[in-house]
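Coordinate-derived values only; no laboratory data. Here the structure is a predicted model, which is why all the values come from computation and not from measurement.
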Amino acid sequence: MGSTLGLSILGMLCWVVMFVAGTDVWHFAGSPDFWRLSGPPYTDLRAFGYAFYLQFLILLTMFGVTCWTALKAVRSGKGTM
């Protein structure tokens, strides 16, 4: 249980680093509006954007489920972290 919680926290931290680095690149590139443009690089960037933000929701859900499971185990006395 502790390793799952640690890995979910590590995954969230990696996502935050990717977000911060991507924000810097975004501003350096002049904030291209790839949500509305069409063409070969823009469709790939849109797919990346959708997957990137979906990954955050998945990591957040994993973190919540892990915390909930750990809390239930500790309260019932069946496990400790």
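Observations, loosely collected:
- Karplus-derived 3J(HN,Hα), 6.51/-1.76/1.60, for each residue of region 13-27, Hz, glycine and proline x: 5, 4, 5, 5, 4, 4, 5, 5, 5, x, 5, 5, 5, 4, 6
- Each helix, a run of at least 4 DSSP H residues, gives -39500 (n - 2.57); summed and divided by the residues of the chain, these come to -28500 deg cm²/dmol at 222 nm.
- Rounded D (µm²/s) - region 2-76, Kirkwood Rh over Cα pairs, Stokes-Einstein at 25 °C, 0.890 mPa s: 170 µm²/s
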